[in-house]
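The structure appears below as structure tokens.
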Amino acid sequence: MRISLSWLKEFVDVPGSTDELKACLTNLGIGVETVSHAGEDLLLDVEVTTNRPDCLSHRGIAREIGAACRLPLKKVQVNFQESAVAADSRASVEILSPELCARYCARVVTNVQVKPSPAWMGRRLETVGMRPINNVADVTNYVLMELGQPLHAFDLNSIRGSRILARRAKAGERLKTLDGVDRVLAPDQLVIADAERAVALAGVMGGEESEITASTRSVLLESAWFDPVSIRRTAKAQGLHTEASHRFERGADIEMAPLALDRAAGLVAELAGGEVLRGAIDVYPQVRSRPTLLLRESEIVRMLGAEVPGGVVERILKSLEFEVKANGAKAWSVTPPSFRLDVTREVDLIEEVARHFGYDRLPSRLMIAPPRPERDLIRQRESEISEILVSLGYRQIITSSMISPAENARFSSKEAVVLQNPLSQEASELRTTPLPGMLAALRWNLDRDQDDLRFYEMGKIYWRNEKGQACERRVLALGLTGHQTPVSVHGEARDIGFFDLKGDLEALLQRFAFRALCLDSTGAACYQPGLSAAYEEKGRPIASFGRLVEELAAGYKLRVPAWTAEIDLEFLLEAPQRARSFKAFSRFPAVVRDFSLTVPSRIEYTRIAEALERAACPELASFAPVDLFRGASLDSAHYSLLLRVKFESHDRTLTSEEIAAASRKLLDALASLEIHLRGEAPAEPTSPRPPNSKSKFQA
Amino acid sequence: MTLEELREKSGKTLQDLDACAPEEILRLFEGVRELLEQDARQLATGPASSGGQDAARDEELRERWLSRKRGLLTLINEHWLKAAPKPLKPVAGVSFNKLHARACEIFPDNVAVAAGRKAKASSLPDLTLPGLRRPLGSLHPITQVQREIEEIFINLGFSVERGPEIESVYYNFDALNIPESHPSRDDWDTLYIDAQTVLRTHTSPVQVRALEKYGAPLYIIIPGKCYRRDNPDSTHSPMFHQIEGLAVGPNVTFADLKGTLDFFARRFFGEKTRTSFHPSFFPFTEPSGEVAISCPFCDGGGCRVCKHSGWIEVMGCGMVHPEVLRHGGVDPEQYSGWAFGLGVDRYAMMKFGIDDIQLFFQSDVRFLGQF
Ligand SMILES: [Zn+2]
């Protein structure tokens, strides 16, 4: 809201410099956005919080400054002579909907001469951002800015039957408002009507037909109090936000209505001539009173952690026009003024005390919370998983939770959670999969010639379950393009492949103690067959990964192969971790032997590994496949596998006989899979060779 | 094997020599070694002597074995080793290395060799070339700042609490004392899923959820994603990150709020930072306040970041409204509490000098690589 310094000075002797005034207002909770010059005047753009409609006027701001600086608030100037003719002989007011209109005051001014306002009035209105219209309309705006009470002026001659009714609109009733819009009204909207029709949308905007014009001779001035909720709904429904509705919906001062009316009548008489008819019409069916609140000194201490002297408490509240009476030795009975609808509890009074005492003057004390013994496993696990991924070269990204329905449908069959009022169609559903965001991130970089990408995102997906309930769950997404080894002077480049991604997943998953983690070689539909797979734990999917199918990659305009993975992060956060207990290693040297095996093509490596693990060979320390080839001298039904095996014992150096026996045990286990040493008849296994020793090679 | 035979064999491959098994290779190398030892015995001088004809002869012997072009070992390396079939390479390699080491022992460096070494050194790689780097990943700047803030409060004894992003109107508004018709409901600019469900507009609903779950006393911080119906621009994003703090106990006062947030500000923005508190309004706190810090970029002197005021507003805070405590099942006459809320994205922008919030969500590696 714009505040003119010269106007402010009509209500309080503003002390000090502009900077001091700014600091003073800020400390009261009235933010000063800008201070600028407007001719000889100074303009302050202040920010008033929604709970303080009483500060949406010059007088309201002046009251706060006066209280803070212990200066008196000057009186509102009301000077006019009433004529002998009674106002109620020329017009009548009736409130038909007192639940929406609690008070309606009106005055009649006759024989006015409508013309442009004098220069001082025009300047002031322009300073605070209002366009001067004519001397009568300008007066209503002037009083609004001065006292915060919205007013309206009707051309009395256009009010049929000289009757003013405050009633609900009839269904489908029409009104052309001052902005020229022909509006259709609804019964929950309050109108001001004459004997025949609506003449104003109450508290929001007047009607065009009763507008003040150059030919207006008699004016009916309205100063009323409308229900905040109703005004807010009406303004919203009509898409009309005005200075009047802004104040009414926050709560106007019901006791200000007659004073503002008199101030306006005086100004109309002064600027437009005319006679103010005798008496104000004041329909106020049920006088509103404010509750009296108990304020305890002990409660001030309990809330603020400080003792504010009783005298200071009383002075602050009284200067803000609260009624304060002692209630026993250590408490007060306080009645807030009519313009402070925000104060309804003891704690609201304590805020007033704190505010005017000064937040910065209140004491400050560092609080140490009693720490809890429980560990925050989620935070810890998330950090650990991030650490692994960062050390593997992944950069974390964060992408939007809101995506387009088409993208959800492309990757997932889950029912999406749909937004009622999305910002756009492109962001109208919550993501059921993190992949579209990941692919968009890859594309963004590929489009900017950045090809070697490794991203991860930890975020949520959202969907509706079979019962229709909205669910959310943490997931981890990986996305990779480009090289595993980038091109350099030191060697050749190598592109990312299936086993790079699989290796990263293994590095991550080996942290957890799975009971039956297995790899399913059929990946999700978005991946290329043969280049994708999924991990399952007891039939429950944990991770799905692979190379994106061409059509999808083309759809996202990815010019290089893209690899992605989706992992059930929430499962990992809750899964038991691999036990970290020390296992003694052997003090005796290990012996390494290479087995050159001929394997039937249908046997996958995982079955070989299982067979070896189940072979009950205590000397077997570890094994790994080190070479694999097909073709050449082999028939198409077999492939050749070079397996490097490490034998060791915890209590002695193994003899060559023991190694031969252990080797035989392993070969026997493999024989059941029709695997045998290369070049040997299946029935007669011989001792395998050590990798770098003098023992016999297989031919 | 004679020297002449070796000269001939050193020009052939192992396959040509029919040495296809390790033991044959080992035998071959054994023969070479015998010849080498013969030459060693012919050396006139001990390793320490020097000069004259003897030296020239020694040099000749050395050249026979180690000449960079025609030395026997050079040829063996060239023909036997490099052309060896893959499975035989290890055996041949180990044998050769032993032999070469022995030859170097027998024929130690002299001036001429040193000169040769120098020439050889110039063919070594340029060590000023960049190393082979394994690219490191990075945490998102928002995560970095979020963790830093969390850790400050964890060190003060607070725990981390979380809540759903799809939230009921009850927890997001009603339980926080935001009445149905209050203008502030408009201010949040909420994304609705249905009449009773929203994308949470702040992390505050977790205040009530946590109070219901744990009761008082309670000291928590609540990080998380929030959503508002803001069109994206350089300072707005419909999805953003907040951290909420809540302290509820038997003697928790505004003084604790001030002291704790002052400590936080000094830890996060630098120990010289000053804080200033001024009144504000939130329906779920009373009294409510804003915290401003002395601008860490100009020490309060005035700059672009602080809009030349010397101060920057960094969070909203206040004493928990009695209605909120009551909704959480906590008696406001027995317990009191304070709360604060801050925007992690804005903190990250301030900390790293980022002028566009959209950069956080574009995933550009040129951006992510800077943190
Ligand atoms: Zn600054």
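The values are calculated or read from the model by the stated rules, or taken from the named source; none is laboratory data. Not measured: the values here are computed from a predicted model. A quick note on method: Cβ atoms are made from the backbone with ideal geometry, for glycine too, and the neighbour counts reach across all protein chains shown. Note: areas computed on protein heavy atoms with side chains; ligands, DNA, RNA excluded. Shrake-Rupley method; radii C 1.70, N 1.55, O 1.52, S 1.80 Å.
What the Cβ-Cβ distance of A:V301 and B:D356 gives, at R0 = 35 Å and to the nearest 0.05, is a FRET efficiency of 0.15.
Using heavy-atom solvent-accessible surface (probe 1.4 Å) with all chains present, what is the largest-first order of B:S10, A:S17?
From most accessible down to least: A:S17, B:S10.
When the surface is traced with a 1.4 Å probe over the full set of protein chains, A:K538 keeps roughly 130 Å² accessible. Entry note, segment A:268-427: relative contact order of 17 percent, from Cα contacts under 8 Å with a spacing of 6+ residues.
Computed in the context of the full set of protein chains, the accessible area of the protein assembly as shown at 1.4 Å probe radius has 50% of its extent on carbon or sulfur. Using R0 = 60 Å, the C-beta based FRET efficiency linking B:S168 and A:N79 works out to 0.60.
Using Cα-Cα distances under 8 Å and only pairs 6 or more residues apart, what relative contact order does chain B have, in percent?
14 percent
Would you mind classifying segment B:141-368 by shape? Square roots of the alpha carbon gyration tensor eigenvalues, ordered a ≥ b ≥ c; an a/c under 1.5 is rounded, otherwise it is prolate if a/b is larger than b/c and oblate if not.
oblate
3J(HN,Hα) along segment A:326-336: 5, 10, x, 7, 10, 7, 10, 9, 10, 10, x Hz, from the Karplus curve 6.51 cos²θ - 1.76 cosθ + 1.60 with θ = phi - 60°, whole Hz, x for Gly and Pro.
Take the Cα gyration tensor of segment A:591-677, multiply each eigenvalue by 5, square-root it, and list the three semi-axes largest first, rounded to whole angstrom.
25, 13, 10
Would segment A:1-160 count as rounded, prolate or oblate if I go by the C-alpha gyration tensor, calling it rounded below 1.5 in a/c and otherwise prolate when a/b exceeds b/c, oblate otherwise? Prolate shape, in that a/c is at least 1.5 and a/b is the bigger ratio.
Helical content alone sets the calculated 222 nm signal of chain A at -8000 deg cm²/dmol, taking -39,500 (n - 2.57) per DSSP H segment of four or more residues and averaging over every residue.
Accessible surface for A:S4 stands near 0 Å², nearest 10, in the context of the full protein assembly shown (1.4 Å probe).
Applied to segment B:126-134, the Karplus parametrisation 6.51 cos²θ - 1.76 cosθ + 1.60 on θ = phi - 60° returns per-residue 3J(HN,Hα) values of 6, 6, 8, 5, x, x, 7, 9, 8 Hz, with x for Gly and Pro.
Which is the longest run of chain B containing none of the GluC sites (Glu not before Pro) found in DSSP loop states (not H, G, I, E, B) with at most 15 other C-beta atoms within 10 Å?
B:1-179
One way to sum up the overall shape of segment A:2-69 is the equivalent ellipsoid from its Cα gyration tensor, whose semi-axes run 16, 13, 12 Å, largest first. For segment A:82-283, the relative contact order is 35 percent, taking Cα pairs closer than 8 Å that sit 6 or more residues apart in sequence and dividing their mean separation by the residue count. A 1.4 Å probe over all protein chains sorts A:D449, A:D138 by accessible area into A:D449, A:D138, starting with the largest.
Starting from segment A:327-386, pick out the GluC sites (Glu not before Pro) whose DSSP state is loop and whose Cβ has at most 12 other Cβ atoms within 10 Å.
A:E374
Per-residue surface analysis assigns A:T485 an accessible area of about 50 Å², computed on protein heavy atoms at 1.4 Å probe radius. Using just its DSSP H runs of length 4 or more, each adding -39500 (n - 2.57), chain B gives a mean residue ellipticity at 222 nm of -12000 deg cm²/dmol after division by all residues.
Mind giving me the FRET efficiency for A:C471 and A:E208? R0 is 60 Å, r the Cβ-Cβ distance, nearest 0.05 is fine. My answer for the efficiency is 0.65. When B and A come together, around 7800 square angstrom of accessible surface is lost from both chains combined, probe 1.4 Å. Each Lys or Arg adds one and each Asp or Glu takes one away; over the other residues whose Cβ falls under 13 Å from the Cβ of A:E604, this sums to 0. Across segment A:221-229, coupling constants 3J(HN,Hα) worked out from phi with the 6.51/-1.76/1.60 Karplus curve, θ = phi - 60°, read 9, 10, 9, 10, 10, 10, 5, x, 4 Hz, and Gly and Pro carry x. Looking at the protein assembly as shown, the accessible area is 45 square angstrom per residue; that uses a 1.4 Å probe and ignores ligands, DNA and RNA. Let me see the P(r) profile for the protein assembly as shown: every Cα-Cα distance counted, bins of 10 Å, each bin given as a percent of all pairs. Once binned at 10 Å, the Cα pair distances of the protein assembly as shown give 2, 8, 13, 15, 14, 12, 10, 7, 6, 5, 4, 3, 1, 0, 0. Only Cα pairs within less than 10 Å get springs; with that Gaussian network setup on chain B, which residue of B:K351, B:K98, B:K307 has the largest fluctuation? Of B:K351, B:K98, B:K307, the most mobile in the Gaussian network model is B:K98.
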